[in-house]
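> What follows is a single structure, and I will ask about it in a moment.
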Amino acid sequence: MFTGIVEELGTVRAITPNEGGARIEIEARTVLDDAELGASIAVNGCCLTVVAFDADAGWWAADAVVETITRTNLGALTPGARVNLERPMRLGDRLGGHLVQGHVDGTGTVSATRPLDDGSCLVSVTTTPEVMRYVVQKGSITIDGVSLTVTEVTPTLLSVALIPHTQEVTTLGHATPGTVVNLEIDVVAKYVERLVGSGET
């Protein structure tokens with residue numbers, strides 16, 4: 001379980017295709033402080049497993065399967081790309097964002113960015129009705145692993161406001177129209193739908 005509070009911007013070092021998936025090597029430091037084989041690290045909001053690492057040299061690797069490559073923006077990564085990284089939360093940690101599973105529900109495309117007078121930036125993302133059905137104004141959503149509050153909702157579009165800090169320490173500060181982003185909806189919404197739909201209380 002994650003919180004959507006990005007710990008570090010990593011840099012893709014290498015990508016090696018394998019049987020439809022790929023091994024992704026990422027340069028990083030902070031997330032390797034307590035790294036071990038089999039540990040989880042979220043990359044752009046997608047939970048991956050550490051399969052190799054060298055903390056002294058500052059890199060780690062994960063294998064992304066076909067499902068991950070096709071359903072997230074990880075399949076479009078190239079060497080040199082920056083990625084948002086977060087380790088799972090520990091029991092007893094503060095929940096600074098919201099409960100994030102690291103299971104991407106779908107992708108969206110940045111349709112517009114607009115700087116605001118207070119230094120923040122309004123980012124609008126279009127996505128599918130299957131994702132939008134769970135999005136509500138003032139609700140939580142994870143975009144490329146970043147926990148954000150929805151400011152506007154239409155049938156096919158959602159908007160969020162990025163404060164200057166978020167723009168500086170995450171990849172979203174460099175997002176432009178056409179950028180594909182990973183989306184994870186609030187898991188509470190999915191459980192509520194299941195319970196209401198089944199008639200359970």
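> Note down the Stokes-Einstein diffusion coefficient of segment 115-193 in µm²/s, whole number, using a Kirkwood radius over alpha carbon pairs, 25 °C, and 0.890 mPa s.
190
> Same structure, new question: Please give the peptides 53-60, 33-40, 144-151 ranked by average Cβ packing (other Cβ atoms within 10 Å per residue), highest first, as a rough proxy for protection. Don't skip to the answer; put the middle values down first.
Working: 53-60: 15.6, 33-40: 11.5, 144-151: 22.5.
Highest to lowest by the protection proxy: 144-151, 53-60, 33-40.
> Still on this model: Tell me the relative contact order for the chain as a rounded percent, counting alpha carbon contacts under 8 Å between residues six or more apart.
Rounded, it is 24 percent for the chain.
> Treating only the Cβ atoms of Lys and Arg (+1) and Asp and Glu (-1) as charged, compute the dipole magnitude of the chain about its Cα centre; round to the nearest 20 debye.
It comes to approximately 420 debye.
> What does the accessible area per residue of segment 5-144 come to in Å², with a 1.4 Å probe and no ligands, DNA or RNA counted?
51
> Right, another one. Ranking request for peptides 87-99, 105-117: highest mean number of other beta-carbon atoms within 10 Å first, then the rest in descending order.
Top to bottom by mean Cβ count within 10 Å: 105-117, 87-99.
> Find which of Phe2, Val181, Thr127 sits farthest along the positive direction of the dipole of the chain, computed with +1 on the beta-carbon of Lys and Arg, -1 on that of Asp and Glu, about the Cα centre.
Highest projection toward the positive end goes to Thr127.
> Can you tell me how much longer the chain between Ala189 and Ala55 gets when fully stretched, taken as 0.36 nm per residue apart minus their C-alpha distance, in nm with one decimal?
Value of the extension gain: 44.4 nm.
> Divide the volume of the convex hull of the Cα atoms of segment 46-135 by its number of residues and quote the answer in cubic angstrom per residue.
187
> Taking every alpha carbon pair in segment 1-58, what does the distance histogram look like in 10 angstrom bins from 0, in percent?
The distribution over segment 1-58 is 21, 59, 20, 1, given as percents.
> Let me ask another. Largest first and in whole Å, what are the equivalent-ellipsoid semi-axes of segment 69-201 based on the Cα gyration tensor, each being the root of 5 times an eigenvalue? Can you show the working numbers first?
Values: eigenvalues 113, 64, 54 Å².
Semi-axes from the Cα gyration tensor: 24, 18, 16 Å.
> Another question, if that's okay. Farthest toward the dipole's positive end in the chain, which of His98, Asn73, Thr149, given Cβ charges of +1 (Lys, Arg) and -1 (Asp, Glu) about the Cα centre?
My answer, from the dipole projection, is Thr149.
> Taking only the alpha carbons of segment 1-100, what extent do you get along each of the three principal axes, in Å, biggest first?
40, 32, 22
> Can you order the peptides 43-51, 170-178 by their average number of other Cβ atoms within 10 Å per residue, highest first?
Descending packing order for the listed peptides: 43-51, 170-178.
The values are calculated or read from the model by the stated rules, or taken from the named source; none is laboratory data. On a predicted model such as this, the values are computed, not experimentally measured, just so you know. Neighbour counts are summed over all protein chains in view; Cβ atoms, including those assigned to glycine, are modelled from backbone coordinates with ideal geometry. The accessibility values were calculated without ligands, DNA or RNA, using every heavy atom of the protein model including side chains. Shrake-Rupley method; radii C 1.70, N 1.55, O 1.52, S 1.80 Å.
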